[in-house]
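The values are calculated or read from the model by the stated rules, or taken from the named source; none is laboratory data. Keep in mind the model is a prediction, meaning the values are calculated, not measured. Note that we place each Cβ from the backbone using ideal geometry, even for glycine, and neighbour counts take in every protein chain shown.
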Number of protein chains: 2
Amino acid sequence: MSGSSPFGVHRVLEPVGESLPQAARVLDPRPEIWPDEVRIDIETLNLDAASYRQLSDKHTGDGDAIRAEVLDIVATRGKMQNPVTGSGGMLIGTVAEVGPQSTLGLEVGDRVATLVSLSLTPLAITDGLERWDGAGERVPARGHAILFGRSIAAKLPDDLTPELALMVMDVCGAPALVARTLRTYAGESPSVVVLGGAGKSGSLSLAAAAEAGATRRVAVVRDAAEAALLEGTGLATHVVIADARNPLGLAEALVPAGGPADLTVVCVDVTGCEQPAILATAEGGTVIFFSMATNFAAAALGAEGLAADVTMLVGNGYVPGHAAYALELLRGNAEVRRLFETRLHE
Amino acid sequence: MSGSSPFGVHRVLEPVGESLPQAARVLDPRPEIWPDEVRIDIETLNLDAASYRQLSDKHTGDGDAIRAEVLDIVATRGKMQNPVTGSGGMLIGTVAEVGPQSTLGLEVGDRVATLVSLSLTPLAITDGLERWDGAGERVPARGHAILFGRSIAAKLPDDLTPELALMVMDVCGAPALVARTLRTYAGESPSVVVLGGAGKSGSLSLAAAAEAGATRRVAVVRDAAEAALLEGTGLATHVVIADARNPLGLAEALVPAGGPADLTVVCVDVTGCEQPAILATAEGGTVIFFSMATNFAAAALGAEGLAADVTMLVGNGYVPGHAAYALELLRGNAEVRRLFETRLHE
């Protein structure tokens, strides 16, 4: 075996030498590990919602056909990457072997969730998915997966159900980046506006903001039902019902809540929130875009058109320690935990 | 007259009360100004390249037809916003009247360039564009334009031709944001990689990096011709020829130039540079995306897939004082000036 790449380039079979694993057509899922890798025995695959929807639509909900296609994708590509949506998902499993040069901090027997996408994770399935009826994103499976030298996996905590822990880990980048950004305002009682404050990433962002010392925390929600979720929780100091796509309407709705904030966090997955978010931000402040519906040019040109001196961050889903931090926020805040548990049973 | 909005909402005629001027169909270009506005007598319109190309293609280069359509757009919409491309351009003119509450720092008689897009600037043309033959983006014109309370205009310097000054101002956001970012590393001799280092925004970014104390400055260019432009200029300490879309190739090419940098600046207008830029950046470093070809999701998911702890900035074209700063860089650096003057005569 030749040397391994921390990004898994050594497992790219097609096209060789050009691609990172996510862009590759075929990965090598052999169970033997390179010295910096980790092998995981799979317990459950959680398919990405967009991927499962595409498969279900294509096969008009026929579970056997969906299962057959998932098996075919994994056998053909060496990873579970939907060829239409390009997306993957995540998995739960148990650490089976840790290479001597691995720096992920895992030990054999740890029960973990992988936080890098299945779309770049070498994967082999050995049970024909016999325990899965093809109905739903949660796929019980036997087989193994490989983590590269530079990867992300989090130990599943003992005190939370795997479903609850996964739901928190899925959005854990947001609160970590919010906390990091607010720490640059240490001692200045910064203010925060969260567009989509009642959602998963939004409510954790509000909890992170409170923990980081933001004394004015404004949650923008779309209707009274969402507002009711936050009432009395203490997560937000102000709850505002407004359309996050309407720049003038949003700016006006924020006036009674104290106006523009030092930090605006965009957690709503709809298009057209760029200029509204910029207008919701004070001069010299920061916008973090966590929505995948964000349009890069609309943000860049939108700020220029408003002569707005704001720092705009692409919401990187990875911040060191993000999963542990988000789980701590959930444990330390009964209201956040209740919000998440309510969503689990929706 | 009722109160004015610093963003020009009071001049939106259609749709009233919902849109900012850029998104509006029709603006009110009346010459009477609100107390925070400025009126400019137009000298030249510089149509956006994409807009002119669309008009020229549509009318197969017929100058009379192109001119007629520009006149029709301005008469109908109260601004020069191409209805197909959505883009505008900028203008040169002379300040005719300054409202008592204007904070733009302009005086009657100042010769200025507007740095906000024509797509949001109230505009009226009074000479039928009789001095323009419809061939080319530069449109001599008589008439007036309005700047809102919050807008951007820069005085044209006496010591540079308007063409040279405009070319610098067109990309002035990049060096200003590079300098601001590097100042957070004060005293630490930060390193910089500029993808597209021989271009306009790239070369000014390198000059800004040198001024801000970056001791290792790597210019990535696509071929030997571009490398030759930088040879011997002192702008870059290393010039690397590589394809900025190839993550592994770029990372490998950077090794002899010192490897990943504290700051990576993306100035190449091609798609697929997100993961290469992330890999070119050291852990804890920053990427600034100035390319309008940047894909938001590719950046966000790309960093997560690489477990890369990097701060990613949307390149805001506006930083206070950006035009004056870029012109100072040009004046203070004969090599940058020569690069720009070479481009003027291309």
Residue under evaluation B:Val16, criteria (1) in a loop (DSSP other than H, G, I, E, B); (2) within 21 Å of B:Asp127 (Cα to Cα), criterion not met = (2)
Tell me, yes or no, whether the range A:49-63 has at least one residue that is loosely packed, with under 14 Cβ neighbours inside 10 Å, assigned to a loop (DSSP other than H, G, I, E, B), of a type outside the set (A, V, I, L, M) and not assigned by TED's automatic domain parsing to the domain that holds A:Pro140.
-> no
Unmet criterion (only one of (1) buried (at least 19 other Cβ atoms within 10 Å of the Cβ); (2) within 14 Å of chain A (Cβ to nearest Cβ)) for B:Met80 = (2)
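Condition (residue is over 18 Å from the mean Cα position of the chain (by Cα), under 30 Å from A:Pro21 (Cβ atoms) and away from chain A (no Cβ under 14 Å)) applied to the range B:233-240: is it met by at least one residue? Walk me through how you get there before you give the answer.
In the first step, residues of the range B:233-240 are kept if they are over 18 Å from the mean Cα position of the chain (by Cα); the result is B:233-240.
Next, only the ones that are under 30 Å from A:Pro21 (Cβ atoms) stay: B:238, B:240.
If we keep only those that are away from chain A (no Cβ under 14 Å) too, we end up with B:238, B:240.
Looking through the range B:233-240, at least one residue is over 18 Å from the mean Cα position of the chain (by Cα), under 30 Å from A:Pro21 (Cβ atoms) and away from chain A (no Cβ under 14 Å).
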A:Val287, sole failed condition from (1) facing chain B (nearest Cβ under 8 Å); (2) closer than 21 Å to A:Ser205 by Cβ; (3) touching a strand residue (DSSP E or B) at 6+ places or on another chain (Cβ under 7 Å) = (1)
Test result for B:Ala298, outside the structural domain of B:Val116 (by TED's automatic domain parsing), more than 15 Å from A:Val319 (Cα to Cα) and surrounded by fewer than 24 Cβ atoms within 10 Å (Cβ to Cβ) | yes
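Taking the residues in the range A:308-324 that are closer than 24 Å to B:Leu115 by Cα and of a type in the set (A, V, I, L, M, F, W, C) as candidates, determine which candidate is nearest to the other protein chains (Cβ to nearest Cβ). Before the answer, list the steps.
Residues of the range A:308-324 that are closer than 24 Å to B:Leu115 by Cα, as a first pass: A:308-313.
The next check asks that each one be of a type in the set (A, V, I, L, M, F, W, C); those that pass are A:308, A:310, A:312-313.
On the way: A:Ala308: 6, A:Val310: 7, A:Met312: 4, A:Leu313: 6 Å.
So, considering only residues that are closer than 24 Å to B:Leu115 by Cα and of a type in the set (A, V, I, L, M, F, W, C), the one nearest to the other protein chains (Cβ to nearest Cβ) is A:Met312.
Determine whether B:Ala176 is within 14 Å of another protein chain (Cβ to nearest Cβ) and either outside any loop (DSSP other than H, G, I, E, B) or aromatic (Phe, Trp, Tyr) (or both).
Working: within 14 Å of another protein chain (Cβ to nearest Cβ): yes; either outside any loop (DSSP other than H, G, I, E, B) or aromatic (Phe, Trp, Tyr) (or both): yes.
Considered against the rule, which asks whether it is within 14 Å of another protein chain (Cβ to nearest Cβ) and either outside any loop (DSSP other than H, G, I, E, B) or aromatic (Phe, Trp, Tyr) (or both), B:Ala176 comes out as yes.
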Would you confirm whether any residue within the range B:135-156 is within 21 Å of the chain's Cα centre (by Cα), under 21 Å from B:Arg343 (Cβ atoms), aliphatic (A, V, I, L, M) and within 14 Å of chain A (Cβ to nearest Cβ)?
-> yes
Of A:Glu335, A:Glu328, which residue is closer than 25 Å to A:Ala153 by Cβ, in a helix (DSSP H, G or I) and either more than 7 Å from every other protein chain (Cβ to nearest Cβ) or in contact with a helix residue (DSSP H, G or I) (Cβ under 9 Å, 6 or more places away or on another chain) (or both)?
-> A:Glu328
For residues in the range B:70-120 being assigned to a helix (DSSP H, G or I) and among the charged types (D, E, K, R), which is farthest from the chain's Cα centre (by Cα)?
-> B:Asp72
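Take B:Ala49 and tell me if it is touching a residue at least 40 places away in the same chain (Cβ under 8 Å), away from every other protein chain (no Cβ under 14 Å) and touching a Gly at 6+ places or on another chain (Cβ under 8 Å).
On the way: touching a residue at least 40 places away in the same chain (Cβ under 8 Å): yes; away from every other protein chain (no Cβ under 14 Å): yes; touching a Gly at 6+ places or on another chain (Cβ under 8 Å): no.
Here the answer is no, as B:Ala49 does not meet what is asked.
Just to be sure, is B:Asp243 over 22 Å from B:Thr311 (Cβ atoms), under 17 Å from the mean Cα position of the chain (by Cα) and either surrounded by fewer than 20 Cβ atoms within 10 Å (Cβ to Cβ) or within 14 Å of chain A (Cβ to nearest Cβ) (or both)?
Details: over 22 Å from B:Thr311 (Cβ atoms): yes; under 17 Å from the mean Cα position of the chain (by Cα): no; either surrounded by fewer than 20 Cβ atoms within 10 Å (Cβ to Cβ) or within 14 Å of chain A (Cβ to nearest Cβ) (or both): yes.
Against the criterion (over 22 Å from B:Thr311 (Cβ atoms), under 17 Å from the mean Cα position of the chain (by Cα) and either surrounded by fewer than 20 Cβ atoms within 10 Å (Cβ to Cβ) or within 14 Å of chain A (Cβ to nearest Cβ) (or both)), B:Asp243 does not qualify.
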Taking B:Gly197 as meeting all but one of (1) assigned to a loop (DSSP other than H, G, I, E, B); (2) of a type outside the set (Val, Ile, Thr); (3) free of Cβ contacts under 8 Å to residues at least 40 places away in the same chain, write down the number of the exception.
-> (3)
Out of curiosity, is B:Gly305 in contact with a Cys (Cβ under 9 Å, 6 or more places away or on another chain), at pLDDT below 95 and facing chain A (nearest Cβ under 7 Å)?
-> no
State which residue pairs qualify: first residue within 12 Å of B:Arg142 (Cβ to Cβ) and buried (at least 23 other Cβ atoms within 10 Å of the Cβ) and inside the range B:115-129, second residue modelled with pLDDT of 95 or more and charged (D, E, K, R) in any location, beta carbons under 7 Å apart, and separation of 6 or more residues or different chains.
-> B:Leu123/B:Lys79
